[in-house]
Each structure stands twice: as structure tokens, then as C-alpha cells.
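Novice: Take this structure, written in C-alpha cells, and hold onto it; I'll ask about it next.
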Amino acid sequence: MNRAAMNIIRFVGLVIAQILLVNHIRLGGYVHPYIYLIFVMMLPLNTQGWQLLVAGFSIGIVIDLFMGTLGMHAGATTLMAFCRPAIIRIVSGSQKLEMNREPSIDHVGFAWFLRYTICMVIVHNFTYFMLEGFSFHLVGQALLRILISVPVSVFLIIVMMYLFSSNKKKGKD
């Protein structure tokens, strides 16, 4: 399947999964996991900056439309997309990556992907929860939400990546 078709399917699938399943995970009002971030995270490493920004804004605004959050997801996801090249450089260090491939666990390894996911989710959640609170006296509550939501989001993203991995071991136990 070509890359554009795969990205469209990923976009639609992640939006549906986020809206119908993941949005109903609310433990005490502090756990807010977001798996739709996978869309921006899984774009090929050589994706141009303007394409990252458009992709981040697009999926963020669609999530905003369904959740009624008035551009907060669009803003947070666009900033995450903007920071992605720097995060990739920091996480990669001296490791050489194939730039035309997606940064999947199969391609870059679990440790690299975990560091990458944690950084991307922190940027998104920090931005989103600070925009949501938009007040200095709610900083403590926002930081608590970030502290609790980041590990849950990272866990769900890793599980999703393993569930939909293209390098499944067939016939081996």
C-alpha cells in the first residue's frame, strides 16, 4: 500500500479510536491519554517541516471538533510537530537512521522509540494542559495531570505500536 493511503487510514483510525475508546478513560479527572499523537510521530523521518505542521494541525483540529476544545489540541499537536525534528536529533545522538522510513519500534529499536515517545508526549501534554488551565493558580493541577497522563499515554502508544507492528513474528512461539 502506498504511503499516502496508509497515512489516511492511520489518520481516520486514530481519530476513531481516540474519540470512541480512549476518551472514555478518565480516572478521577486526571488521566487523559492521547493516542492520536501516533499520527505525527509515525510520519517518515524525512518529512518536511511544513508537512509536519500541517499534519499536526490537521489531526489536532479534527480532535478539537469532536471534543469541543476550541483549538487546544490543534495548538499542542502543532507545537509537538514543530519540535519533532529537534527531538529526533536529541534522541538519536550519533545513531544513523534511514531518513525515508517511519520511526517504528521495528526500525529504530525499543529504547530509542520509548525515549522519542516520552519526549513527544511530554511536549504535547505540557502544552495542552497549560492551555487548558491558562492560569498560574492552576499550574499545580496541570502539572499533576501531566505527571499522571504522560505514562498512561506512553503505555497505550507502545501497546498500539506492538499491536499494529508490521514485523510480527509468524509461526514462532
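The values are calculated or read from the model by the stated rules, or taken from the named source; none is laboratory data. The model shown is predicted, which means the values in this text are computed figures rather than measured ones. Counting neighbours? That spans all protein chains shown, and the Cβs are built from the backbone with ideal geometry, glycine included. Each accessible area value is taken on the protein alone, full model and side chains, heavy atoms only, with ligands, DNA and RNA left out. Shrake-Rupley method; radii C 1.70, N 1.55, O 1.52, S 1.80 Å.
Novice: Calculated from DSSP H runs of 4 or more alone, at -39500 (n - 2.57) each and per residue, what is the 222 nm mean residue ellipticity of the chain, nearest 500? Spell out each step's value before the answer.
Specialist: Values: 7 runs with 115 residues, N = 173.
It lands at -22000 deg cm²/dmol.
Novice: Where the accessible area of the range 71-113 is counted over protein heavy atoms with a 1.4 Å probe, how much of it, in %, is carbon and sulfur?
Specialist: On the way: 1270 of 2060 Å².
C and S fraction of accessible area: 62 percent.
Novice: Hey, got the dipole for the range 54-120? About the Cα centre, +1 on K and R Cβ, -1 on D and E Cβ, debye to the nearest 20? Each step should come with its number before you reach the end.
Specialist: Values: 5 positive and 4 negative charges, 49 e Å.
Roughly 240 debye, rounded to the nearest 20.
Novice: Work out the FRET efficiency for Ser104 and Phe134 from their Cβ-Cβ distance, taking R0 = 41 Å, and round it to the nearest 0.05.
Specialist: On the way: r = 35 Å, r/R0 = 0.86.
The calculated FRET efficiency here is 0.70.
Novice: If packing is taken as the average count of other Cβ atoms within 10 Å, what order do 27-33, 3-9 fall into, highest mean first? Could you put the intermediate results ahead of the total?
Specialist: On the way: 27-33: 14.0, 3-9: 11.0.
Answer by packing, highest mean first, reads 27-33, 3-9.
Novice: 7 Å from Cα along Cα→Cβ at both Met67 and Leu114: what's the point-to-point distance in nm?
Specialist: Inter-label distance under the simple model: 2.6 nm.
Novice: Which helices, counted as full DSSP H runs in the chain, have an axial Cα extent of no less than 30 Å and a Kyte-Doolittle average of 0.0 or above? Display every interim value, and only then the final one.
Specialist: Numbers: long enough: 110-133 (33 Å, 1.01); 139-163 (35 Å, 2.14).
Helix filter hits for the chain: 110-133, 139-163.
Novice: Give me the distance between the Cα centres of the range 101-153 and the range 1-30, rounded to whole Å.
Specialist: Here the two parts' Cα centres lie 16 Å apart.
Novice: How do Phe110, Phe11 stack up against each other in accessible area, from largest to smallest, with a 1.4 angstrom probe? Intermediate values should be presented prior to the final figure.
Specialist: Working: Phe110 90, Phe11 45 Å².
Descending order: Phe110, Phe11.
Novice: What is the magnitude of the charge dipole of the chain about its Cα centre, with +1 placed on the Cβ of each Lys and Arg, -1 on the Cβ of each Asp and Glu, and no other charges, expressed in debye to the nearest 20?
Specialist: On the way: 13 positive and 6 negative charges, 95 e Å.
Using Cβ point charges on Lys, Arg, Asp and Glu, the chain gives about 460 debye.
Novice: While we're here: Which Cα, out of Ala74, Val108, Ala86, lies furthest along the positive dipole direction of the chain (beta carbon charges, K/R +1, D/E -1)?
Specialist: Val108
Novice: So who's got an amide H within less than 5 Å of the one on His32, skipping anything under 5 residues away but keeping other chains? H placed 1.01 Å off N, in plane.
Specialist: Placed amide hydrogens put Ser149 under 5 Å from His32.
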